[in-house]
Amino acid sequence: MWFFVLFLLFTTPALAQDITPSSAPQETPTTIPSPTPAPNFFEQYKKDYLFQYDIYQQSYLKYVDKKRVWTRYGTITTQKEKFDASIEAITARNKAFKAYLLALRTMLDDYESVNPTNTEKYQIEISKWESWFEEQLSVVPSINNEKDLIRWVDDFKEKYIVIQQTIYSSLVQHEVNLRQLTLENIQSLGMDIKTNPQIQTESQQWVSTLAIKSDLVTTSLNNAIAFGQRSQSQNKFNNFYPSSKLELNQANNYLIEISADLKLIVNKFFKP
Amino acid sequence: MDNPYQNPDLEVRNPFADSVVPEPQSPNTPTAAKPNNKNFSIPKDPKIKILIILVVIIAVLSVLSFIITIFRKSQLKPVIVEPTPIIETTPVPTETPALTMPAEINAKFEKIDQNTRTNIQFDPPQIDPDIGL
């Protein structure tokens, strides 16, 4: 009896997912375990969004098929099938949007420190829409007649204009933050070049001339933001993102030019 | 002045015929060109001159091209295609030489280059807002 109790106390249980099987040779690990890398939440949320979007596309194809059958036959059965497919597709769409907004909000964290006020403003807006889509996940399945469904769709179409504006404005703000951070890095580097004792003092006047292009970068970034702040029509979304993207690309081109100029200056005046 | 008529059936010569003095031909009077192969002269009309010059040039070029063609045909020989030689030397790396600059500055440049290469691409979902209508 005592032997049985001692056996139970000092033996370790064999787990189903035991990583060290008894048949494997036991070796002392000699390598130093590397520190756990910081999890990239954006990539995880992005994968989840792509998964949800794939489900939405399948549901949408099913809805289109049911709608086509209903348009052809017009029976009560086909109408019910089309209604159910609509509910299913809208729910899948809401899930996809919720996942996308979560990933977008997480993405904004990357360069938030450059412009915390505006970035947080967009993150709050995104959170609001995330909550709305979360709420609709329980609202939409409870709709049980065509009239309520049509009312919900009309309401969503009005909200969708604002949602798109929030999304695209956030994307612009995120890229503006990145370019602004790069500009700050370049300006910091310019100061380092000026004060570096290994670089001749003649370089200082050349570094100072780069301020003109820095102003051009700032102007392009401001223009990119300004496109998103124009008021939208009530019935149709005016997509400003392509125009903003052009300004952002222009700003990035200026940054590349400034960086290349700085490299030339350093190479010319550096005395090892 | 007309010549007095001399009847050929009469033996008596027309007295007036002797008194007629033939007029000398003026040098400007046009005369029919006599064909003379030995003394060929170049026509004075400039258009014809140019035409003749062009004809001569064409003829010379034709003769030259004919001679060159015959010459080149005689030079043609069957060409033996040799295999492409394989370069046995070690290829020279094409990387740009490293820039000479302090290490800390180089690290900052790499960070800046990485940022400028970053392309943000996270488009929103493309959806149909009319589902249910």
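The values are calculated or read from the model by the stated rules, or taken from the named source; none is laboratory data. The model shown is predicted, which means the values in this text are computed figures rather than measured ones. Every residue, glycine as well, gets a Cβ built from its backbone with ideal geometry; the counts of neighbours run over all protein chains shown. For accessibility, only protein heavy atoms count, side chains too; no ligands or nucleic acids. Shrake-Rupley method; radii C 1.70, N 1.55, O 1.52, S 1.80 Å.
When the residues of the stretch A:201-218 are narrowed to those that are among the polar types (S, T, N, Q) and open to solvent by less than 70 Å² (accessible area, probe 1.4 Å), which ends up nearest to A:S169 (Cα to Cα)? So that I can check it myself, show each step before the final result.
Taking the stretch A:201-218 and keeping what is among the polar types (S, T, N, Q), we get A:201, A:203-205, A:208-209, A:214, A:218.
Applying the additional criterion that residues be open to solvent by less than 70 Å² (accessible area, probe 1.4 Å) yields A:203, A:208, A:214, A:218.
Numbers: A:S203: 40, A:S208: 33, A:S214: 23, A:T218: 17 Å.
The qualifying residue nearest to A:S169 (Cα to Cα) is A:T218.
Pairs please, first residue from the stretch A:117-137 and of a type in the set (F, W, Y), second anywhere and open to solvent by less than 90 Å² (accessible area, probe 1.4 Å), Cβ atoms under 6 Å, 6+ apart in sequence or on different chains.
Between residues of the stretch A:117-137 that are of a type in the set (F, W, Y) and residues that are open to solvent by less than 90 Å² (accessible area, probe 1.4 Å), the close pairs are A:Y122/A:S170; A:Y122/A:Q173; A:W129/A:L101; A:W129/A:I163; A:F133/A:N94; A:F133/A:F97; A:F133/A:K98.
Please go through the stretch A:196-234 and give me each residue that is at pLDDT below 85 and either outside the structural domain of A:A260 (by TED's automatic domain parsing) or within 28 Å of A:I167 (Cα to Cα) (or both), ordered by number.
Once the filter is applied, which keeps residues that are at pLDDT below 85 and either outside the structural domain of A:A260 (by TED's automatic domain parsing) or within 28 Å of A:I167 (Cα to Cα) (or both), the stretch A:196-234 yields A:Q229, A:R230, A:S231, A:Q232, A:S233, A:Q234.
Per-residue answers, yes or no, for (1) surrounded by 18 or more Cβ atoms within 10 Å (Cβ to Cβ); (2) within 12 Å of chain B (Cβ to nearest Cβ); (3) not small (G, A, S):
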residue: A:F83; (1), (2), (3): yes, yes, yes
residue: A:E88; (1), (2), (3): yes, yes, yes
residue: A:F97; (1), (2), (3): yes, yes, yes
residue: A:A103; (1), (2), (3): yes, yes, no
residue: A:V140; (1), (2), (3): yes, yes, yes
residue: A:N144; (1), (2), (3): no, no, yes
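Report whether or not A:I124 is of a type in the set (V, I, T), open to solvent by 70 Å² or more (accessible area, probe 1.4 Å), in a helix (DSSP H, G or I) and assigned by TED's automatic domain parsing to the domain that holds A:K46.
Working: of a type in the set (V, I, T): yes; open to solvent by 70 Å² or more (accessible area, probe 1.4 Å): yes; in a helix (DSSP H, G or I): yes; assigned by TED's automatic domain parsing to the domain that holds A:K46: yes.
It is true that A:I124 is of a type in the set (V, I, T), open to solvent by 70 Å² or more (accessible area, probe 1.4 Å), in a helix (DSSP H, G or I) and assigned by TED's automatic domain parsing to the domain that holds A:K46.
Of everything in the stretch A:39-60, what is in contact (Cβ under 8 Å) with a residue 40 or more places away in the chain, under 11 Å from A:E88 (Cα atoms) and more than 10 Å from chain B (Cβ to nearest Cβ)? Give them in sequence order.
Selection gives A:I55 alone.
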